[in-house]
1. Of the residues in the stretch 245-256, how many are surrounded by fewer than 19 Cβ atoms within 10 Å (Cβ to Cβ) and touching a strand residue (DSSP E or B) at 6+ places or on another chain (Cβ under 9 Å)?
2. Kindly state which strands (runs of 3 or more DSSP E) lie completely within the stretch 151-218 and contain at least 1 residues that are more than 13 Å from ligand 1 (Cβ to nearest atom) and at pLDDT 95 or above.
3. Just to be sure I understand, how many residues within the stretch 170-216 are free of Cβ contacts under 8 Å to residues at least 60 places away in the same chain, surrounded by fewer than 22 Cβ atoms within 10 Å (Cβ to Cβ) and within 13 Å of ligand 2 (Cβ to nearest atom)?
4. Taking residue 240 as meeting all but one of (1) within 11 Å of ligand 1 (Cβ to nearest atom); (2) closer than 30 Å to residue 117 by Cβ; (3) touching a helix residue (DSSP H, G or I) at 6+ places or on another chain (Cβ under 7 Å), write down the number of the exception.
5. Limited to the stretch 22-55, what total is found for residues that are surrounded by 14 or more Cβ atoms within 10 Å (Cβ to Cβ) and part of a helix (DSSP H, G or I)?
6. At pLDDT 95 or above, assigned to a loop (DSSP other than H, G, I, E, B) and farther than 17 Å from residue 177 by Cβ: which single residue out of 111, 117 fits that description?
7. Within the stretch 84-103, can one find any residue that is farther than 24 Å from residue 261 by Cβ and crowded, with 18+ Cβ neighbours inside 10 Å?
8. In the set 223, 146, which member is buried (at least 22 other Cβ atoms within 10 Å of the Cβ) and not in a strand (DSSP E or B)?
Ligand SMILES: O=C(O)CCC(=O)C(=O)O
Ligand SMILES: [Fe+2]
């Protein structure tokens, strides 16, 4: 098995640490993002109670009758808010859709920022009065943790620590509640149907709350699949394509997937909740000059975050 560097880092050593501890955190996360593109973090500000409440709400949501869930699926929202039913999202380059259904929650703008007009309203789950307040709290806490991670990354890149702050303020981030549904008859599945086909995330960074079951794997540089195990309440953080573009490939948006469990486990659900941290749509993703030189020629065309997101949503079948 190839060696992969997925360190477990304590976010509090960055947020409240000594200058040496903060430097160490920046170095560690930068190095891991440069190699494997994944870390796990502790002390991220989400309590076990809040995470338990989240999962109980998410389970209740997907247990609602099919017709109730479908009433929250709005084609014009391209899956960006509310419900996306089974068979809708297909990983780029795959023919068979992923074995999942999901619910997405977007930004809530409360400070009069005109960017509010760019974002569709979140849908309220009227059947579950705790769903919206709980997921809102999770959204805000993951956004805050993500902004600290990006400060540490800015330092690693020799940028001002607050480089990302205005770019992610009221950003177009998405909290995705995922249900990999039970499969009663695995024989009836198309041979290449998987829970989540190999893909890279679109956004700057992703923060994933420990899933209810195994299955997440990353593709190592040697071409092997390596299982990611998050302990307890650990949050998995990985680089997305936007941060990879900005850094001309210095930080790696690593391919990952969610594999099907062994046959006898196919009848059980798996739940997970990734937070895709996006900037505002006007952010310029042009690679930083400091990341381009004779040894590292420019890899990507210049594009804004908004145009890039649009392009990617079309590729995965969510936007027509
Ligand atoms: O369910 C997981 O563990 C990962 C999901 C994922 O990679 C995604 O939705 O982009
Ligand atoms: Fe992903």
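The values are calculated or read from the model by the stated rules, or taken from the named source; none is laboratory data. Just so it is clear, the model here is predicted, and its values are computed rather than measured. Note that we place each Cβ from the backbone using ideal geometry, even for glycine, and neighbour counts take in every protein chain shown.
1. Just the residues of the stretch 245-256 that are surrounded by fewer than 19 Cβ atoms within 10 Å (Cβ to Cβ), to begin with: 249, 255.
Narrowing further to those that are touching a strand residue (DSSP E or B) at 6+ places or on another chain (Cβ under 9 Å): 255.
Total meeting the criteria: 1.
2. Values: elements: 174-180, 196-199, 205-209.
Counting at least 1 such residues, we get no strands (runs of 3 or more DSSP E) at all.
3. Going residue by residue through the stretch 170-216, those that are free of Cβ contacts under 8 Å to residues at least 60 places away in the same chain are 185, 187-188, 191, 200, 213-216.
Now drop any that are not surrounded by fewer than 22 Cβ atoms within 10 Å (Cβ to Cβ), which leaves 185, 187-188, 191, 200, 213-215.
Next cut, within 13 Å of ligand 2 (Cβ to nearest atom) only: 200, 215.
Within the stretch 170-216, residues that are free of Cβ contacts under 8 Å to residues at least 60 places away in the same chain, surrounded by fewer than 22 Cβ atoms within 10 Å (Cβ to Cβ) and within 13 Å of ligand 2 (Cβ to nearest atom) number 2.
4. Going through (1) within 11 Å of ligand 1 (Cβ to nearest atom); (2) closer than 30 Å to residue 117 by Cβ; (3) touching a helix residue (DSSP H, G or I) at 6+ places or on another chain (Cβ under 7 Å) one by one, residue 240 breaks only (3).
5. Step one: of the stretch 22-55, the residues surrounded by 14 or more Cβ atoms within 10 Å (Cβ to Cβ) are 22-26, 28-46, 50-51, 53-55.
Add one more test, that the residue is part of a helix (DSSP H, G or I), and what stays is 22-26, 28-35, 50-51, 53-55.
Residues meeting the conditions: 18.
6. Numbers: 117 fails: assigned to a loop (DSSP other than H, G, I, E, B).
So the residue among 111, 117 that is at pLDDT 95 or above, assigned to a loop (DSSP other than H, G, I, E, B) and farther than 17 Å from residue 177 by Cβ is 111.
7. No, the stretch 84-103 contains no residue that is farther than 24 Å from residue 261 by Cβ and crowded, with 18+ Cβ neighbours inside 10 Å.
8. Values: 223 fails: buried (at least 22 other Cβ atoms within 10 Å of the Cβ).
Just one listed residue meets the conditions, 146.
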